[in-house]
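Colleague: The structure is given below, and queries will be raised subsequently.
The values are calculated or read from the model by the stated rules, or taken from the named source; none is laboratory data. Only a predicted model underlies this, so the values are computations on that prediction, with no experimental measurement involved. We place every Cβ from the backbone using ideal geometry, glycine too, and count neighbours over all the protein chains shown. Ligands, DNA and RNA are stripped out before the accessible areas are found, and what is left, the full protein with its side chains, is counted by its heavy atoms. Shrake-Rupley method; radii C 1.70, N 1.55, O 1.52, S 1.80 Å.
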Amino acid sequence: METLLLKGKPVSDSIRLSLEPRVQALIETGIVPKLAAIIVGDDPASKVYVRNKARAFRKLNCESQTYQLNSKSSEKDVLTVIDRLNNDPSVHGILVQLPLPNHLDSKAILHRVSPNKDVDGFHPENLGLLLEGNPNFIPCTPHGVLEILRHYDIPVSGRHAVIVGRSNIVGKPMFALLAQKFEMGNATVTICHTRTKDLASFTKQGDIIIAAAGSANMITGDMIKEGADIIDVGINRVDDDSEKGYILVGDVNTKSVMGIANSVTPVPGGVGPMTITMLLVNTVTSAEKCVELVAGW
Ligand code: NAD
C-alpha cells in the first residue's frame, strides 16, 4: 500500500488565503484583528513560538502585541494585564503562552481570559460549549487536525478514531470534536493515556489514530492496522550529531508505518503549520463578532 503524506502547508496556505478578504473587509470597517500574547519568564521556546505567531499575524495584515512579564511576576501582576486586555476593545484575542513559571496557578490565569477573547479555546466556558456541540472558539491544534482530515478527504463518520493522549489542549478537545454529531465528526472514539493497559491492542483497532502523547516514535508499524489514517501531533526533540544538536520527531515512527498506513502526517510539516493558522482563524472570527455587535446596536 502506498502511504500518502498529509502535509500541513497546503492546508494552511489555503486557509490563510481564505482569510485575506475577511481581514480586508474588517480593515475597511476600521478594525484590525489584534492578538495580545502574554509571556511570563524567559523560556526560549515560548519566545520563539510567540515570535512566529506575531510574524504570521503581520503577514496577514493583522496586529500582534507581546506583553513580556518577568519570571518573578506575581499572579496579581498577570491578572492585571489580562483584565486590561479584556477591557481593551482594540484587542480581539488574548493568548497566555504556556508553560507558566511553577509559582503561578495556570488554571486561575487561563480562567481570567474573557471567553470572548479566548482564541486558544482553553477557557472552561469554551470547552463546555465545545462539548455541547455549540463551539465558540475551538482549540487550535485539534481544529487544525480536523482541517487536515477535511482537506485530504479522510473519512471520519462511522470510523473508529483512537486518540493517544488526554491533555486539555489536544486529546480531550479532539475527542469532543471527533465524537460530535457534525460533518467532520460522528466517529466512534477511544481515548488512551498513560494508564491504558496494552496500548497496541487499542491502536490496532484505529481506522484513524491521533498520536498526542509527547513520546518520540512510540507508535510503530506493528501497532497499527493496514489502511489506518494517522495524525501525528507530537513534537519531540531527539539529540543527534547535527549542527543544532537535535532533530524534531513525532510520536509516530513514520518510517515503520510507511506501506501499512493509508496516510500519515509528517513531523515536522504536518500538524505543526496548522496551529498558528487556526489561531489566525479564531482571532479574525473574534474581530468579525465585534463588527456584528456594533452593527447590531
Ligand atoms: P501533555 O504532556 O499535556 O499530554 C500528553 C498525554 O499523553 C497525557 O494525557 C498522557 O496521559 C499521554 N501519554 C503520554 N505518554 C503516553 C504513553 N506512553 N502511552 C499512552 N499515553 C501517553 O502533552 P500535550 O500538550 O497534549 O502535547 C502532546 C504532544 O503534542 C507533545 O509532543 C507536544 O509537543 C505536541 N503538540 C504539538 C502541537 C502542534 O502544534 N503540532 C500543539 C500542541 C502540542
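Colleague: Filter region 27-47 for residues that are open to solvent by less than 10 Å² (accessible area, probe 1.4 Å) and part of a helix (DSSP H, G or I) and give the result.
Modeller: Hit for region 27-47 is S46, nothing else.
Colleague: Something else about it: Go through region 220-243 and give me each residue that's more than 23 Å from G158 (Cα to Cα), surrounded by 15 or more Cβ atoms within 10 Å (Cβ to Cβ) and either within 11 Å of the ligand (Cβ to nearest atom) or under 19 Å from the mean Cα position of the chain (by Cα) (or both).
Modeller: Listed by number, the residues that qualify are G234, I235, N236.
Colleague: Of all residues in region 11-51, count the ones that are of a type outside the set (S, T, N, Q) and either under 30 Å from T80 (Cα atoms) or in contact with a Cys (Cβ under 8 Å, 6 or more places away or on another chain) (or both).
Modeller: Looking only at that region, the number is 24.
Colleague: On to the next question. Among the candidates G250, G214, G234, which residue alone is modelled with pLDDT of 95 or more, out of contact with any helix residue (DSSP H, G or I) (no Cβ under 9 Å at 6 or more places or on another chain) and on the phi > 0 side of the Ramachandran plot?
Modeller: Exactly one residue qualifies, and that residue is G214.
Colleague: Within region 157-179, count every residue that is away from the ligand (no atom under 11 Å from the Cβ), among the small types (G, A, S) and assigned to a helix (DSSP H, G or I).
Modeller: Number of matching residues: 2.
Colleague: Which ones in region 48-76 are in contact with a strand residue (DSSP E or B) (Cβ under 9 Å, 6 or more places away or on another chain) and open to solvent by less than 70 Å² (accessible area, probe 1.4 Å)?
Modeller: If the condition is that a residue be in contact with a strand residue (DSSP E or B) (Cβ under 9 Å, 6 or more places away or on another chain) and open to solvent by less than 70 Å² (accessible area, probe 1.4 Å), then V50, K53, A54, A56, F57, C62, S64, T66, Y67, L69, S71, S73 are the ones that fit.
Colleague: Condition check: hydroxyl-bearing (S, T, Y) and within 24 Å of H123 (Cα to Cα). Does T283 satisfy that?
Modeller: yes
Colleague: Quick check: anything in region 87-105 assigned to a helix (DSSP H, G or I) and open to solvent by less than 30 Å² (accessible area, probe 1.4 Å)?
Modeller: no
Colleague: If you take the residues of region 255-277 that are in a loop (DSSP other than H, G, I, E, B) and within 11 Å of the ligand (Cβ to nearest atom), which of them is nearest to D120 (Cα to Cα)?
Modeller: V271
Colleague: Is there any pair with a first residue in region 212-226 that is closer than 14 Å to T194 by Cα and a second that is part of a helix (DSSP H, G or I) and near the ligand (Cβ under 8 Å from one of its atoms) whose Cβ atoms are under 6 Å apart and which are 6 or more apart or on different chains, and what are they?
Modeller: As it stands, the answer is A212/G171, since those pairs meet every condition given.
Colleague: Across region 109-121, what is the number of residues that are open to solvent by 40 Å² or more (accessible area, probe 1.4 Å) and either part of a loop (DSSP other than H, G, I, E, B) or among the hydrophobic types (A, V, I, L, M, F, W, C) (or both)?
Modeller: 1
Colleague: Inspect region 107-118 for any residue being farther than 21 Å from T283 by Cα, touching a residue at least 24 places away in the same chain (Cβ under 8 Å) and away from the ligand (no atom under 14 Å from the Cβ) and give the result as yes or no.
Modeller: For region 107-118, residues farther than 21 Å from T283 by Cα, touching a residue at least 24 places away in the same chain (Cβ under 8 Å) and away from the ligand (no atom under 14 Å from the Cβ): present.
Colleague: What pairs come up if the first residue lies in region 7-19 and is hydroxyl-bearing (S, T, Y), the second is open to solvent by 60 Å² or more (accessible area, probe 1.4 Å), and their beta carbons are under 8 Å apart, counting only those six or more places apart or on different chains?
Modeller: So the pair list comes out as S14/H151.
Colleague: Within region 197-219, restricting attention to residues that are of a type in the set (S, T, Y) and under 24 Å from the mean Cα position of the chain (by Cα), which residue is surrounded by the most Cβ atoms within 10 Å (Cβ to Cβ)?
Modeller: T203
Colleague: Select from region 122-146 the residues that are open to solvent by 30 Å² or more (accessible area, probe 1.4 Å), out of contact with any Lys or Arg (no Cβ under 8 Å at 6 or more places or on another chain) and not in a loop (DSSP other than H, G, I, E, B) and list them in ascending order.
Modeller: Within region 122-146, P124, E125, G128, L129, L131, E132 meet the criteria.
Colleague: Something else now. With respect to K47, determine if the residue is closer than 14 Å to L95 by Cα and of a type outside the set (S, T, Y).
Modeller: Yes.
Colleague: Hey, another quick one. Failed condition for E288, given (1) closer than 30 Å to K59 by Cβ; (2) open to solvent by 40 Å² or more (accessible area, probe 1.4 Å); (3) not in a helix (DSSP H, G or I), with all others met?
Modeller: It fails just one condition, (3).
Colleague: Return the residues of region 192-202 that are closer than 20 Å to N253 by Cα and more than 7 Å from the ligand (Cβ to nearest atom); say none if nothing qualifies.
Modeller: Result: D198, A200, S201, F202.
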